[in-house]
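Engineer: One structure, pasted below without further comment.
The values are calculated or read from the model by the stated rules, or taken from the named source; none is laboratory data. Fair warning: this is a prediction, and the values are worked out from it, not measured in the lab. With ideal geometry, Cβ positions are generated from the backbone for all residues, glycine too; neighbour counts draw on all protein chains shown.
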Amino acid sequence: MSMGQMLTVLLAVILFSTIVITMYNNMFSQIALAEDKIYYTQAIKVSDLVFQQFEIEMVSDRTSFEDLYEKFKNPVKTDSLVFSNLDVVFSYIVSSVYSDESGNVKNEVSDHQKLTVDIEGIIRGEKKFLGSYDKVFSDMSIGG
Amino acid sequence: MIVFLDIIGAVIAGTMVIITIISSIFNVQQMNYNIQTLLALNTTANQISEFLDLSYLESVGRNLKNTEDVIKSVSGNRFVYFSRAEYSDINPVEYTAETKTDANGNVFISISTKNTPTSVSVEVFNSSPFFIEHTNIFTFFDIDGNITTNINDVRYCQVDLVFVERGWDKKDNLYIKYPITFWRFFKNIYLNQLNT
């Protein structure tokens, strides 16, 4: 086998290896994408938990609408929400602003406030942002 | 002789390439199948958990009077509660949400509804091939967020579901899992308390 032929074979091997490695790399990316759906779905459930807690505080008259605003006007961070079934640690930041009924921010006291939950998780050792969820709450106490 | 060695080398190299290609095709098919299974499980898990949450757990204590019992019993695998249809004065309906095990040892969710001692209907989420991993799916909390099993203290529950479906690998023992956890505050209990 001449030197030229050997170089051609070597080039073919390198080209073929590159194709195979790229193909596997793409497949692993697809798996990671599919698995990420688990974490995004769970993040939605976590935001729902926060919204339910907020609503219950109001309807049960444990905390007033204004007190809830005071509690969350400066973002409150909750660390280390761990699920036994998921190998991920979630943390979230809850913040509130006065808004109109559509969620547009108002710089004055209002009968509506927009609660925002920013969620992130440590997935496969990397910190990942899992979404920001908003919900507008109205003052349901008698007399507004 | 040199030609002979060239042929042997070409055969070895060619065989390796073909084996790599065939192996890659197998792996692509396997991964594709498992990803499809995971995505299908995602849809199933979301539909079932939302149905369980919004069609059943959200109605705990609905339209009951302050003097009527809301929760009959709680445990990790069984939750019995009462609810009444909107604008209705008939007897409260007793709901039993629980996990059961079928003949193959697979866990599934069952919800039975009892209007009267003779009127019972059962809804079962046992759509093979998926099943639930654990029987203990319910955890109950009191008003301060502490775990409780006292029916008078229960204010909300956490439901941990792990949906499992058989995947595909060379040893045929791969299981694809889709965990989902959700919470349901029993708003009607809070409102009932407010009216006492």
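Engineer: Among (1) of a type outside the set (Phe, Trp, Tyr); (2) within 11 Å of another protein chain (Cβ to nearest Cβ); (3) without any contact (Cβ under 8 Å) to a residue 12 or more places away in the chain, which single condition is A:Ile38 missing?
Structural biologist: (3)
Engineer: All but one of (1) within 14 Å of chain A (Cβ to nearest Cβ); (2) in a helix (DSSP H, G or I) hold for B:Phe51; which doesn't?
Structural biologist: Exception for B:Phe51: condition (1).
Engineer: Being within 14 Å of another protein chain (Cβ to nearest Cβ), within 24 Å of the chain's Cα centre (by Cα) and either outside any loop (DSSP other than H, G, I, E, B) or closer than 30 Å to B:Phe163 by Cβ (or both) is the requirement here; does B:Met16 meet it?
Structural biologist: No.
Engineer: Would you be able to say whether some residue in the range B:75-83 is closer than 26 Å to B:Phe140 by Cα and either surrounded by fewer than 15 Cβ atoms within 10 Å (Cβ to Cβ) or modelled with pLDDT under 90 (or both)?
Structural biologist: Checked against the condition, which is being closer than 26 Å to B:Phe140 by Cα and either surrounded by fewer than 15 Cβ atoms within 10 Å (Cβ to Cβ) or modelled with pLDDT under 90 (or both), the range B:75-83 yields at least one hit.
Engineer: Would you check if there is a residue in the range B:24-44 being away from chain A (no Cβ under 11 Å), over 19 Å from B:Ile132 (Cα atoms) and polar (S, T, N, Q)?
Structural biologist: no
Engineer: Could you please find all residues in the range B:84-101 being surrounded by 13 or more Cβ atoms within 10 Å (Cβ to Cβ) and not in a strand (DSSP E or B)?
Structural biologist: B:Arg84, B:Ala85, B:Pro92 - these are the residues of the range B:84-101 that are surrounded by 13 or more Cβ atoms within 10 Å (Cβ to Cβ) and not in a strand (DSSP E or B).
Engineer: Another question, if that's okay. Spot the failing condition for A:Lys77; the list is (1) of a type in the set (Lys, Arg); (2) touching a helix residue (DSSP H, G or I) at 6+ places or on another chain (Cβ under 7 Å); (3) loosely packed, with under 15 Cβ neighbours inside 10 Å, and only one is missed.
Structural biologist: Answer for A:Lys77: the failing condition is (2).
Engineer: Checking B:Glu68 against (1) free of Cβ contacts under 8 Å to residues at least 40 places away in the same chain; (2) away from chain A (no Cβ under 12 Å); (3) assigned to a helix (DSSP H, G or I): exactly one of these is not met. Which one?
Structural biologist: (3)
Engineer: Would you mind telling me which numbered condition in (1) without any contact (Cβ under 8 Å) to a residue 60 or more places away in the chain; (2) out of contact with any Pro (no Cβ under 9 Å at 6 or more places or on another chain) A:Phe65 fails?
Structural biologist: (1)
Engineer: Ok, one more. Looking only at residues that are aromatic (Phe, Trp, Tyr) and surrounded by 15 or more Cβ atoms within 10 Å (Cβ to Cβ) in the range A:120-144, which one is modelled with the highest pLDDT?
Structural biologist: A:Tyr133
Engineer: Of the conditions (1) modelled with pLDDT of 90 or more; (2) touching a helix residue (DSSP H, G or I) at 6+ places or on another chain (Cβ under 9 Å), B:Ile18 satisfies every one except a single condition; which number is it?
Structural biologist: (2)
Engineer: Need at least 2 residues that are among the aliphatic types (A, V, I, L, M) and in contact (Cβ under 8 Å) with a residue 24 or more places away in the chain per element, so show me which strands (runs of 3 or more DSSP E) inside the range A:75-131 make the cut, counting only ones lying wholly within it.
Structural biologist: A:89-99, A:112-123
Engineer: Being away from chain B (no Cβ under 14 Å) and closer than 24 Å to B:Thr181 by Cα is the filter here; which residues of the range A:43-81 pass it?
Structural biologist: A:Val76, A:Lys77, A:Asp79, A:Ser80
Engineer: Going through the range B:159-191 one residue at a time, which ones are surrounded by fewer than 18 Cβ atoms within 10 Å (Cβ to Cβ) and within 9 Å of chain A (Cβ to nearest Cβ)?
Structural biologist: B:Lys177, B:Leu191 - these are the residues of the range B:159-191 that are surrounded by fewer than 18 Cβ atoms within 10 Å (Cβ to Cβ) and within 9 Å of chain A (Cβ to nearest Cβ).
Engineer: Does B:Pro117 satisfy the condition of being more than 30 Å from B:Phe26 (Cα to Cα), modelled with pLDDT under 85 and not charged (D, E, K, R)?
Structural biologist: yes
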